[in-house]
Amino acid sequence: MGYPVAWKIIADHLVEGKMIPGTEIGIGIDSTLTQDATGTMAYLQFEALDVPKALTKRSVSYIDHNTLQTGFENADDHAYLQSVAAKHGIYFSRPGNGICHQVQLERFDVPGETLLGSDSHTPTAGGLGVLAIGAGGLDVAAAMAGQPFYLPMPRICLVKLTGSLGPWVSAKDVILEVLRILGVKGGVGKIIEYGGDGIRSLSATDRATITNMGAELGATTSIFPSDEITRTFLESQGRGKDWRELLPDADAKYDEVIEIDLSSLEPMIAKPHSPDNVVKVSDVAGTKVDQVAIGSCTNSSLRDLMIVAGALKGRTVHPDVSLVISPGSKQVFEMIARNGALAEMVASGARILESACGPCIGMGQSPRTNAVSIRTFNRNFEGRSGTKSAQVYLAGPETAVAAAITGEISDPRNLGEPVSFVAPEKYLTDDRMVLPPSDDRQSVQIARGPNIKPLPRNSALPDTISGKILLKVGDNITTDDIMPAGSKVLPLRSNIPAISEYVFAAIDPDFAKNARECGGGLILGGENYGQGSSREHAALAPMYLGVKAVIAKSFARIHRQNLINFGILPLKLSDPGDYDSINRFDDVEIGRAADTLQKTGSSFVLTNKTSGKSIHLTADLSEREREMVLAGGRLNFIKARL
């Protein structure tokens, strides 16, 4: 049987296990990336492992999330991250150099390698044929310490593309169509691999847009082959030597196949409040728009911004609309400044933001009350914009700029002659904003500001888990729901005692207080608990508050692993119907938890002492994961073995 692209890379990097879907495997990691919202904690964990230097081929620390400095906290974190990078053999991408995934694509990604990043949109690199996976910071710290990354061997789903995109239709419309077909849970346990003749019409940055938003499918990662399109892009970046051809075998077998005719696609849009709530733009045309935001790691490439500038040329942003644009990298920013596109944007009335994540994570540009905001971003969860009442739609740059011009959701095909873009033979390359590690690492002093607190550590799993159900939540609870982002909370990422005050704040403002008063407890969730970002704070902060177990109908991949990493037992209801028989503040107990985990590791009984009912639970954990939970988390587990 022939191999898909993803199987070939896994086979090249397999260090433990067998490539049988669903069974645990360990793969070697070539490269890592972190960003400042997750990086501070990741490097505190790396320091705790007492490994003097990163053991990967290359590791890069980016500053792109917490760049809005309303106090000393973010600046202190940046100084810490820069000093840690210098001391421990890590490249440091300075503030202003750009969004991690865009810069990584331009300057660091190598086809056929593995990349682990403490950001859920790390699969952006799959656009260049990289097996790139998002994970919690502790998993990234472990990879830098030379440890394998463990995951269930995924199934491979082929999205077979035919034809080519029509005028005013782009890669964002492709991934929105995939989300419409599969939904936010449709990629769980899968790698989405793209193939078919249609991929020849998609540029490297088009492909990166598609793989970026594969995170919204719940997929392990998404990937394209490395072909002549890949080589052309790498050569234009002055990195032709990094190219290698990586194609699926002619007889490659896939677990699932989806076919999409690119020629039949029209502009798509995701309605509030989920990336899979996708319809045709024509279905919601005429909806009044208050704000348009263009950028993010999904849609801030040179191609995207040149299309936007071309559409804005000679036009003025609608008087009722605020338009903000964020170039994805210093490279993109400088190129649009030099070729005149930036002037066209400014002349139209657009507001230009720095090359950073910004509004995508609620770091500025919150819409007004009840506003309709069209964003080229990847997530439109309720409240993520910073305004809970805002109605956030996700669309491609063509649809977004059409809304900015007309003041309403509009089919961009009505704008007239399409804007053409021809990729440059050579991109402007200037790596002065990337600092290499110090040649004299021993002399580097780590900068630790007062907001950087010691890393909390969990204790071994108790034999009996008892307490109250601190919170009962429904399906598709996101890590934004558990641990909010935004300009108020993000600066506290290196201060777990402080950030813990915001756990579930949007759902239950008293959660942290109740957890403290109850001495910890348990959480009950529905389907797909913990979807969204890789932020491990959504597990670390509840652990700090004494949460010992989370019970749910099902878990999102990264959050489930983060719970295990911090010694919180993820338990599934054997009968999802039992969800209705457990209520908030019920007194519950799981007897012989540690003993059960050690001996059988699968079946548990929860006694609801309030109702008197017994409920069966399961823990689908590998032997390694069971040992980690018993030890109180992966850090304790690794430390005991190093």
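Since every read-out is calculated from the coordinates, none of them should be taken as a lab result. Note that the coordinates shown come from a computational prediction; the quantities given were computed from them, not determined experimentally. Cβ sites come from the backbone with ideal geometry, for glycine too, and all protein chains shown count toward neighbours.
Cα centroids of segment 241-279 and segment 95-162: 17 Å apart.
Residues of the chain were split at every exposed loop site, defined as GluC sites (Glu not before Pro) in a DSSP loop with at most 14 other C-beta atoms within 10 angstrom, and the longest piece left, sites excluded, is 1-244.
Between the alpha-carbon centres of segment 552-598 and segment 182-229 there is a gap of 32 Å. Applying the criteria of a DSSP loop state and at most 11 other Cβ atoms within 10 Å to the trypsin sites (Lys or Arg not before Pro) of segment 1-91 yields Lys18.
Scaled to the globular estimate 2.2 N^0.38 Å, the Cα spread of segment 199-271, given as radius of gyration, is 1.28.
Relative to the Cα centre, the charge distribution of the chain, modelled as +1 at Lys and Arg Cβ and -1 at Asp and Glu Cβ, gives a dipole magnitude of about 1060 debye. Which Cα, out of Pro248, Val292, Gly632, lies furthest along the positive dipole direction of the chain (beta carbon charges, K/R +1, D/E -1)? Looking along the dipole axis, the top candidate is Gly632.
Each Lys and Arg contributes +1 and each Asp and Glu -1, all at the Cβ; summed about the Cα centre of segment 45-117, the dipole is approximately 300 debye.
Distance between the pseudo-spin-label points of Lys613 and Val257 (7 Å out from Cα toward the beta carbon): 4.6 nm.
By the count of other C-beta atoms within 10 Å, a proxy for reagent exposure, Phe585, Phe233 are ordered fewest to most as Phe585, Phe233. Based on DSSP H segments of at least four residues, each scored -39500 (n - 2.57), the chain has a per-residue ellipticity at 222 nm of -8000 deg cm²/dmol. By other beta-carbon atoms within 10 Å, ranking Thr387, Thr114 with the fewest at the front produces Thr387, Thr114. Counted by neighbouring Cβ atoms within 10 Å, the residues Trp168, Trp243 run from fewest to most as Trp243, Trp168.
Report, in order of residue number, the helices in the chain meeting two criteria: a C-alpha extent of 20 Å or more along the helix axis, and a mean Kyte-Doolittle hydropathy of at least -1.0; treat each whole DSSP H run as one helix. Answer set is 72-87.
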